[in-house]
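To keep things clear, I will list the structure first and then write my remarks on it.
The values are calculated or read from the model by the stated rules, or taken from the named source; none is laboratory data. Since this is a predicted model, take the numbers as computed values, not measurements. Cβ coordinates were reconstructed from backbone atoms using ideal geometry, including for glycine residues, and neighbour counts include every protein chain displayed. Heavy atoms of the whole protein, side chains included, go into the accessibility calculation; ligands, DNA and RNA do not. Shrake-Rupley method; radii C 1.70, N 1.55, O 1.52, S 1.80 Å.
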Amino acid sequence: MLENKKDNQTELIIPDVLISSNQDDLSEIVEEESAIEKNPFEMAKKQIDIVAEKMGLDHNIQKFLKRIERALIVSIPIKMDNGDLEIFEGFRVHHSTIRGPGKGGIRFAPNVCLDEVKALATWMTWKCSLLDLPLGGAKGGICVDPRFLSRTELEKLTRRYTSEIINIIGPDIDIPAPDVNTNAQIMAWIMDTYSMNKGRAIPGVVTGKPIEIGGSVGRETATGMGLFFVLEAMCKKLNLDLKSQRIVVQGFGNVGGTIADLLYKKGCKIIAISDINGGILSPEGLEIDKLLEWTRSGKILKDYKDKRFRFISNEDLLTTECEVLIPAALENQITEINAPQIKCKIVLEGANGPTTPEADKILSQKGIYVVPDILANAGGVCVSYFEYVQDIHAYFWDLERINKELKVIILKAFKEVYELSKHKSTTLRTAAYIIAISRIVKAIELRGIFP
Ligand code: NAD
């Protein structure tokens, strides 16, 4: 990368000589101990090492990329409805703001920890860079199971967390968004808490807000919409007719529910879906519209009774024979244990980090195309960027414009990744990382190291 540096040159440069042409995939990480693989931040750092080696990156820059800029750990004391005091732990991490303010979701989940948030922030850096958005990578979360909180407790938790991280978020600093178990209402509470503290309405502090207070049309469905555009493009490249493919989706929340819905409306056959309690399968195809109505009324898939459907575990769902498998729940779902049994043509990563590096290698050897998370699920951050731009300009776009611009940006990234992967005989993931990291490195070179 450094060798290619020329004055005033700002376009993306991928040095030919620095990328080996054979099996140069991120899956080489398999040599590492499985304990490391289970730690998402160790995995994220190892991914950097692998790609850095392929690119021949300067070791100082490699060191720089593997460090987060800052992390804030906060205690969130909440007076519960029963009068007890509970103290939750929350995090906000900036991995890189070299190309612009941090961007990344906030998740509320029982397994949230600093290393998970650091990994997710790092992946956001690559995702924003891959889409060439003027944003950096950040992420946040609270270690909590929100299913056990009342609405009042959830609101108090969100507002106190916002107050605790107030100095490191803001439209020019870091703009959070929804992620696992957080939604538009939670973003509204964050926006209100931030605005009350600043003395004026500041909608640009978060994205994924309700439309009535500065949210964008199309944001809620954006991640699923991006997945759809990428899957359509991938099927075209592989000469597959999307409508004749059997599709399996793990997770039936924002991402999984939306992509299942979009595909169902286009006449595709979704044969299995799942939520945290397990999944349902029907070789004839599921009626996604009815299932969405069911789960959106707060019920779980397991309780949906239909003689045509069979209940299956999340483990069995992942190894169900199909053409397209969409993991859209959590990280570390496709591992070295179940990867040998996976029978599909395409894995489209709706979730962040659903495939471990060891599994990645197995899938690659089986000839399965893995469309990586930083490309496949980037529709969400893309429309979040549109929301941020609209808030700053106080001028709002219609849905047609949102979807049209999203399609242009995500398909441009898809084309770049696909072509580089073919050109260098590498996986889509390695190609995506090379493009994303190259842009960050270019920004570091141009800005220099302060002081
Ligand atoms: P969500 O909370 O709306 O939905 C998560 C779904 O996964 C639910 O159906 C839940 O029941 C299911 N689930 C949870 N734990 C599970 C488990 N152990 N096994 C199987 N299913 C399980 O969350 P979401 O916003 O849809 O996010 C899902 C994934 O997509 C996460 O990895 C998130 O980081 C990623 N993502 C989300 C967005 C977004 O815009 N929401 C954007 C990019 C990536």
Checklist outcome for this item: Among 437, 390, 402, the residue whose Cα sits farthest towards the positive end of the charge dipole of segment 349-451 (+1 at Cβ of Lys and Arg, -1 at Cβ of Asp and Glu, taken about the Cα centre) is 437
Checklist outcome for this item: Everything considered on the Cα gyration tensor (a ≥ b ≥ c; rounded for a/c under 1.5, else prolate if a/b is larger than b/c, else oblate), segment 250-323 must be described as rounded
Checklist outcome for this item: Taking placed amide H atoms and a strict 5 Å upper bound, the residues 5 or more places from residue 370 or on another chain that come that close are 347, 428
Checklist entry - Is it possible to state the helix-based mean residue ellipticity at 222 nm for the chain, with each DSSP H run of 4+ residues giving -39500 (n - 2.57), the sum divided by total residues, to the nearest 500 deg cm²/dmol? What is it? => result -13000 deg cm²/dmol
Checklist entry - Can you pick out the pairs among 79/290; 46/269; 243/407; 103/265 whose Cα atoms lie more than 28 Å from each other? => result 79/290; 46/269; 103/265
Checklist entry - Under a point spin-label approximation (7 Å from Cα along Cα-to-Cβ), what is the residue 67-residue 303 distance to one decimal in nm? => result 5.1
Item to check | the chain - charge dipole about Cα centre, Lys and Arg +1 at Cβ, Asp and Glu -1, debye rounded to 20 | outcome: 820
Checklist entry - Counting only residues 5 or more places away or on other chains, whose amide H sits under 5 Å from the amide H of residue 329 once H atoms are built in the peptide plane? => result 351
Next on the checklist: If I take every Cα pair under 8 Å that is 6 or more residues apart in the chain, average their sequence separation and divide by the length, what percent do I get for the relative contact order?
Outcome noted: 17
Item to check | Residue-normalised accessible area of the chain, expressed per residue, 1.4 Å probe, Å² | outcome: 43
Checklist outcome for this item: Applying the gyration tensor rule to the Cα atoms of segment 54-176 (axes a ≥ b ≥ c; rounded if a/c under 1.5, else prolate if a/b exceeds b/c, else oblate), the class is prolate
Next on the checklist: Along the Cα→Cβ direction, 7 angstrom out, place labels at residue 392 and residue 183. What is the inter-label distance in nm?
Outcome noted: 3.0
Checklist entry - Taking the Cα centre of the chain as the origin and placing charges on Cβ (Lys, Arg +1; Asp, Glu -1), which of 114, 93, 260 is farthest toward the positive end of the dipole? => result 260
Checklist entry - How would 266, 46 line up by accessible area, probe 1.4 Å, largest first? => result 266, 46
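Of all chymotrypsin sites (Phe, Trp or Tyr not before Pro) in segment 361-394, which ones are in loop regions per DSSP and have a Cβ with at most 14 other Cβ atoms within 10 Å?
none
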Item to check | segment 335-451 - percent relative contact order, Cα under 8 Å, separation 6 or more | outcome: 22
Item to check | Fraction of accessible area attributable to carbon and sulfur, segment 278-382 (%, probe 1.4 Å) | outcome: 50
Next on the checklist: Please report the accessible area of residue 81 (heavy atoms, 1.4 Å probe, ligands and nucleic acids excluded) in Å², nearest 10.
Outcome noted: 100
Checklist entry - From the residues 161, 135, 178, which one has its Cα farthest along the dipole of segment 63-197 in the positive direction, the dipole being from +1 and -1 charges on Cβ of Lys/Arg and Asp/Glu about the Cα centre? => result 135
Checklist outcome for this item: Residue by residue through segment 377-386, the couplings from Karplus 6.51 cos²θ - 1.76 cosθ + 1.60 with θ = phi - 60°, in Hz, x for Gly and Pro, are 9, 6, x, x, 5, 5, 6, 4, 4, 4
Next on the checklist: Need one number: nm distance between label points at residue 315 and residue 87, each 7 Å from Cα along Cα→Cβ, rounded to one decimal.
Outcome noted: 3.8
Next on the checklist: List the residues, sorted by chain then number, that are 5 or more residues from residue 246 or on another chain and whose placed amide H is less than 5 Å from its amide H.
Outcome noted: 323, 324
Checklist entry - In square angstrom, rounded to the nearest 10, how much accessible surface does residue 337 have for a 1.4 Å probe? => result 130
Item to check | For segment 289-306 and segment 31-107, distance of Cα centres in Å | outcome: 35
Checklist entry - So if R0 is 41 Å, what FRET efficiency would residue 411 and residue 163 give, r being the distance between their Cβ atoms, rounded to the nearest 0.05? => result 0.50
Checklist outcome for this item: Expressed in square angstrom to the nearest 10, the accessible area of residue 72 with a 1.4 Å probe stands at 60
Checklist outcome for this item: To the nearest 0.05, the calculated FRET efficiency linking residue 450 and residue 290 through their beta-carbon distance, R0 being 51 Å, is 0.35
Checklist entry - Which whole-number percentage describes the relative contact order of segment 281-399, with Cα contacts under 8 Å and a sequence gap of 6 or more? => result 18
Item to check | Rounded, prolate or oblate (a/c below 1.5 giving rounded, otherwise prolate when a/b exceeds b/c) for segment 109-224 by Cα gyration tensor | outcome: rounded
Checklist entry - Residue-wise, which Karplus ³J(HN,Hα) couplings in Hz belong to segment 43-58, taking 6.51 cos²θ - 1.76 cosθ + 1.60, θ = phi - 60°, and x for glycine or proline? => result 5, 4, 5, 5, 4, 5, 4, 4, 5, 4, 5, 4, 8, x, 5, 4
Next on the checklist: Using the Karplus curve 6.51 cos²θ - 1.76 cosθ + 1.60 with θ = phi - 60°, what ³J(HN,Hα) values do you get for each residue of segment 226-238, in whole Hz, with x for Gly and Pro?
Outcome noted: x, 4, 5, 4, 5, 5, 4, 5, 5, 4, 4, 4, 8
Checklist entry - Just how many % of Cα pairs in the chain lie over 38 Å apart, if you round to the nearest whole percent? => result 19
